[in-house]
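Take a look at the structure below.
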Amino acid sequence: MALLEVQNLKTHFHTQDGLVRAVDGVSLNVEAGKTVGIVGESGSGKSVTNMTILGLVPTPPGIIDADAILFEGQDLRSLSKEQLRKLRGNRIAMVFQDPMTSLNPFLTIEDQLTEPLLIHKGQNMDQARQRVLQLLKEVGIPDPQSRLKDYPHQFSGGMRQRVMMAMALVCEPSLLICDEPTTALDVTIQAQILELLKRIQKEHGTTIIFITHDLGVAAGFCDEIYVMYAGRIVEHAQTDELFKTPLHPYTASLLKSVPRLDQEASEAFVTIQGSPPDLTALPAGCSFQPRCDHAISRCETERPTLEEREGNHSRQCSCFVDLRGEVKS
Amino acid sequence: MFKFIVFRLFWVVVTVWAVSTITFFMVRAAPGDPFMNEVRNLKEEVQAARKREYNLDLPLIQQYGLWLKGMVQGDFGPSMKSRDKTVAQIIGQAFPVSISLGVIAMFFAVMIGMTTGVISALRQNTFWDYGLMGFAVLGISIPNFILATILIIVGVFLLGWFPLSGWETPYHVLLPAFALSLPFAARISRLSRVGMLEILSEDFVRTAYAKGLKEKHVVIKHALKGAILPVVSYLGPAFALILTGSLVIEKIFDIPGLGKIFVLAAINRDYYVVLGTVVVFSSLLCFFNFLVDLSYAFLDPRVKLEEAA
Amino acid sequence: MNIPIQTDDVPMRKRPWGEVPFAFLVNLSWFMSFIVGIILIPIHDLPITAWIAWGLWFAINLSVTLFLQTKRMVPLEAPVSKKEIQGTSLFKDAINRLKQNQLATLSAGVLILMMICCFGQSIIAKAIHPDIDDPKSIVALENSFLSIHFDHTRLNKEESFSPPSTRHWFGTDFAGRDIFARTLYGGTISFLVALVATIVSLIIGVSWGAISGYTGGKTDHYMMRFVDVLYGLPFMFLIILIMTLVNGVHTTASQNRDIVTQYEDFLAEGKTEEADKVLQENELTTNLGTVKAAIWLDNNISPVFVMFIAIGLVSWLTMARITRGQVLSLKQREFITAAKTIGAGNMRIIFLHIVPNLLGPVIIYTTLTIPTVMLTESFLSFLGLGISEPQCSWGSLASAGWKEINVIKPYWWLVAYPTLAMFLTLFSLNFIGDGLRDALDPKMKR
């Protein structure tokens, strides 16, 4: 049974400029113990999807609709606000992008890290402190005892992100959602953080959803990948397959546009023509169609749906023109 | 930290000295003297004798020096109107009254202001928000003597809860302090609303909710410390304005405070009383500003004290 | 808000009220009709025709509003057409946002209307009573419509303290002067005080802060140290002192002016004995010098002017701090370095680059200073130190009226109307300030 199953999630926002379809029919299937990547550019809806799952999207101005959001078998939509709150930070935890702004600058890390334990596990301060020290050691903070009373601004960038992760792991969640955890860090630190995540997953069996816009990072880290564009999933496959034979034109363009070390210096960079979509005014047919090199007339009028390929439910694509040349009828 | 405190206290003393010196020369600069408005038939010799008594026949600089010396020793000089009291005595009687009025008003202002501001921020764009902020704008659009009058009409005449004037029982304190606090409560309300809204849109608040914390917990433990900063910055100037606002309130409610004494002394050219009051108020103000700056270090761990200095 | 509703042919959307043409005028009309209604109620002998007229106005408002409501359904613009991205300058962007803020535009409308009424009254009064500024001009008891309602110096002892009526819309004061005219005239003075004091505070504050911030280093440090010291001054006390002195000077001068003139006339004619007698009779032998000084001061410096400057001096400190803060952060910005790299000199940098970016916070702070100034002025009037007769401002009218009122003489109209006028003005200024802040703040998360 999947740990997390999302069916046809829609999150729309009423704004002064129109109805923003941030998430427009997303379905995810996350098996326990796996590392699932969600890749897409800014505005593709990857963060909003996860915020919606966690219940962190305020409902005015947001409008949320889904066929199902199942976590460990429970439908999250049927839970009360209180029940949902008890899951957050406890069974499902989130690590955010920028640790400098995501940690409270006015509180010590001891304060912030012990909070989930005090609230969700009903521990007292001593017990919580012990657990936090253990976790800080595990994420690689040297001499944690002396750093408990420190404030976030007294840590370096990489250390801060480790603290964030410790905070997320403190209640031993079964699902860890990481929203671009390495984007704000430089490359060497990035590698360290990814190592840490891998280790944690191996040791604790935590399921990880990894959100990023960086394909390279996703390649090295995730078991399977969902590619999102304009609020919809355009392709889903195991990592190797995705990189070997991408089916959706967008995925292919993304792969092509990553600069390679063995490129000739005189070669121009490959870019995806056009500009990111206006989420209040999506085209009638396929959302990627205005920028697609392979579009046919059908793409302008009909909106494609995410469908299985090769009869494999973990290999999906949402396109009328398969890059292997098959045209869906 | 210690260095900071010493440094700042030194500046407090310098400021108070500067203020009193400026005041001294300003008060004496105007044409006329304390006895102008008195019984106009005073004979010349009597006038001269009076002047000698108060050292008014000496050169100005010498008067200043004498006065300064006296001040340092705690002698504020004699009053020229109430001839049986020294300035120190007059101020000593009225000071506790004014200071209690001011402190209670400040307390009301912060309590009322912050509560309404936070509620407005949490329930943004709802009826609560518009209603409370509407009241807040009222508080800063009407002169305080009118506000006080309205409160008197309601509190004394309509409801009969409060006595009209005087300063005997605790009940006498409540209405004047409340009237005094209202414009400041209004301003603090708007400030804390803005501050709170800004903090609530910060990432770390999002993290707090993602950890599964309750709204009350997030607001009080996580958001409040940051939201309070613009309010704290305002407290310094607010205190000065509360001191001056008390002039009007003391007059309306007939409270024997320092404000009334100051205005009378200014009109009557009772130099030493005026100077004494200015020195007292100025010291209060400087000291209060110093406390405010000190508090930044406790509120925001990112602030190093040298920056605050 | 914009909920797409499918009709058979063209998708329509309901646009918000603010986008409807003439919405601003309709809002203003509604607001004014309510204010006028409130004013009409206490007028006890109002003929029915007035109420009918008001009812008509109300009905027109209603029908126009209902009509415009039907204009709210508008075709949904075709989404695929790429809207041309026009570069908007920060100001154009801000003005657009401000235009959408209905509260701010309504407030601006109310404010402008008030100013028109007040300055209009001055013009009318001057026209029908040309030597209105000369305190010695005796007012003939004119009974023309304009004179009754717009001449703020028109005296009529028999009509003193009359409540609001058709003859005197806002009632009369102790001398039978029409409060409506007095309120409008007071408005002119109040606006003038606010303007001058704010300009004083602006000039001193912005210059101080800009120079301090831009120069940096030790100069900056000491300039700001000076500001900090001044923060410790209980300013209001000093203002009270200044105003008391000024008033004292004024009183001395007015009491003794004729006597001194007499004395000097005698001296000029060589009649030293008579001159000395004059002095002796009026006890001026010892302090002639001071009295002369007082007269000279009073002749050359108007007390009102001193008050303007004094009030302006109170608020420049915060203006200086804000400006300095802005300049400091602007200095670091890359565009300043860029300008320097292409060889722009300091003056050019200051005027072309820094000043436009200063305007935002400065304008906002100005709209918040004006209420403070007006309230300070009313505070001074209450203590007896503000504008003196026959001039008046809203603050002085309200405090003078307040002093007249007691249980036997509940002349509420003396206080209510000036207060209402002040309240409307300050209310509007606050909302305009808020609107400006929202419009000019680039960090706004929409």
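The values are calculated or read from the model by the stated rules, or taken from the named source; none is laboratory data. Being a predicted model, the structure only gives us computed values, none of them experimental. Ideal geometry is used to build each Cβ from the backbone, glycine not excepted, and the neighbour counts take in all protein chains shown.
Looking at the structure I just gave you, is C:PHE24 at pLDDT below 90, in contact with a helix residue (DSSP H, G or I) (Cβ under 8 Å, 6 or more places away or on another chain) and buried (at least 16 other Cβ atoms within 10 Å of the Cβ)? Against the criterion (at pLDDT below 90, in contact with a helix residue (DSSP H, G or I) (Cβ under 8 Å, 6 or more places away or on another chain) and buried (at least 16 other Cβ atoms within 10 Å of the Cβ)), C:PHE24 qualifies. Can we say C:SER201 is in a helix (DSSP H, G or I) and more than 19 Å from B:PRO237 (Cβ to Cβ)? In short, no.
Looking at A:GLU172, A:GLU224, just one residue is surrounded by 19 or more Cβ atoms within 10 Å (Cβ to Cβ), of a type in the set (Asp, Glu) and within 20 Å of the chain's Cα centre (by Cα), and that residue is A:GLU224. There is no residue in segment B:166-174 that is under 28 Å from B:LEU147 (Cα atoms) and within 14 Å of chain A (Cβ to nearest Cβ).
When the helices (runs of 4 or more DSSP H) confined to segment A:224-329 are screened for residues that are modelled with pLDDT under 75 and farther than 18 Å from A:ILE38 by Cβ, those reaching at least 1 such residues are found at A:249-257. At least 3 residues being more than 12 Å from every other protein chain (Cβ to nearest Cβ) and closer than 24 Å to B:GLY226 by Cα is the threshold, and among the helices (runs of 4 or more DSSP H) wholly inside segment A:91-176 those reaching it are A:157-169.
The set of residues in segment C:203-225 being more than 14 Å from every other protein chain (Cβ to nearest Cβ), over 23 Å from C:MET307 (Cβ atoms), buried (at least 17 other Cβ atoms within 10 Å of the Cβ) and out of contact with any Lys or Arg (no Cβ under 6 Å at 6 or more places or on another chain) consists of C:ALA210, C:ILE211, C:TYR214, C:ASP220, C:MET223. Checking segment C:239-247 against the condition returns no match, with no residue being among the polar types (S, T, N, Q), assigned to a helix (DSSP H, G or I) and surrounded by fewer than 18 Cβ atoms within 10 Å (Cβ to Cβ). Filtering segment A:15-27 for residues that are closer than 27 Å to A:ALA281 by Cα, of a type in the set (Lys, Arg) and either in a strand (DSSP E or B) or within 14 Å of chain B (Cβ to nearest Cβ) (or both) leaves a non-empty set.
Results for (1) more than 10 Å from chain B (Cβ to nearest Cβ); (2) surrounded by 23 or more Cβ atoms within 10 Å (Cβ to Cβ); (3) over 19 Å from the mean Cα position of the chain (by Cα), shown as yes or no for each residue.
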| position | (1), (2), (3) |
| --- | --- |
| C:PHE382 | no, yes, no |
| C:ILE387 | yes, yes, no |
| C:SER396 | yes, yes, no |
| C:TRP402 | no, no, yes |
| C:VAL407 | no, no, yes |
| C:TYR411 | yes, no, yes |
| C:PRO418 | no, yes, no |
| C:ARG437 | no, no, yes |
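Against the definition (surrounded by 21 or more Cβ atoms within 10 Å (Cβ to Cβ) and free of Cβ contacts under 8 Å to residues at least 40 places away in the same chain), how does B:ILE142 come out, yes or no? For B:ILE142, the condition - surrounded by 21 or more Cβ atoms within 10 Å (Cβ to Cβ) and free of Cβ contacts under 8 Å to residues at least 40 places away in the same chain - is met.
Look through A:THR212, A:THR251, A:THR206 and report the one residue that is crowded, with 19+ Cβ neighbours inside 10 Å, in contact with a helix residue (DSSP H, G or I) (Cβ under 8 Å, 6 or more places away or on another chain) and over 30 Å from A:ALA166 (Cβ atoms). When all the criteria are applied, what remains is A:THR251. For segment B:35-45, state whether one or more residues are in contact with a helix residue (DSSP H, G or I) (Cβ under 9 Å, 6 or more places away or on another chain), in a helix (DSSP H, G or I) and either modelled with pLDDT under 75 or within 14 Å of another protein chain (Cβ to nearest Cβ) (or both). No; the residues of segment B:35-45 include none that is in contact with a helix residue (DSSP H, G or I) (Cβ under 9 Å, 6 or more places away or on another chain), in a helix (DSSP H, G or I) and either modelled with pLDDT under 75 or within 14 Å of another protein chain (Cβ to nearest Cβ) (or both). Go through (1) farther than 22 Å from B:VAL263 by Cβ; (2) at pLDDT 75 or above for B:PRO59 and report which single condition fails. Here B:PRO59 clears every test but (2). Among the numbered conditions (1) part of a helix (DSSP H, G or I); (2) away from every other protein chain (no Cβ under 14 Å); (3) modelled with pLDDT under 75; (4) surrounded by 15 or more Cβ atoms within 10 Å (Cβ to Cβ), the only one that B:ARG52 does not meet is (4). For the residues A:GLY40, A:GLY62, A:GLY55, the requirement of being under 27 Å from B:VAL218 (Cα atoms), in the same structural domain as A:GLU180 (by TED's automatic domain parsing) and buried (at least 22 other Cβ atoms within 10 Å of the Cβ) singles out A:GLY55.
Residue-by-condition table, conditions (1) among the β-branched types (Val, Ile, Thr); (2) more than 13 Å from chain B (Cβ to nearest Cβ); (3) more than 34 Å from the chain's Cα centre (by Cα):
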position: C:ASP173; (1), (2), (3): no, yes, no
position: C:TYR185; (1), (2), (3): no, yes, no
position: C:ALA197; (1), (2), (3): no, yes, no
position: C:VAL227; (1), (2), (3): yes, no, no
position: C:LEU241; (1), (2), (3): no, no, no
position: C:THR244; (1), (2), (3): yes, no, no
position: C:VAL249; (1), (2), (3): yes, no, no
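For A:ILE211, the conditions (1) closer than 25 Å to A:GLU110 by Cα; (2) among the hydrophobic types (A, V, I, L, M, F, W, C); (3) modelled with pLDDT of 90 or more all hold with the exception of (1). Residues that are assigned to a helix (DSSP H, G or I) and under 11 Å from B:MET196 (Cα atoms) were ranked within segment B:117-134; the one that is farthest from the chain's Cα centre (by Cα) is B:LEU122.
Within 24 Å of C:LEU424 (Cα to Cα) and surrounded by fewer than 20 Cβ atoms within 10 Å (Cβ to Cβ): which single residue out of C:LEU192, C:LEU184, C:LEU155 fits that description?
C:LEU192
Residue count for segment A:28-46, restricted to those that are part of a loop (DSSP other than H, G, I, E, B) and either out of contact with any Lys or Arg (no Cβ under 9 Å at 6 or more places or on another chain) or within 14 Å of chain C (Cβ to nearest Cβ) (or both): 6.
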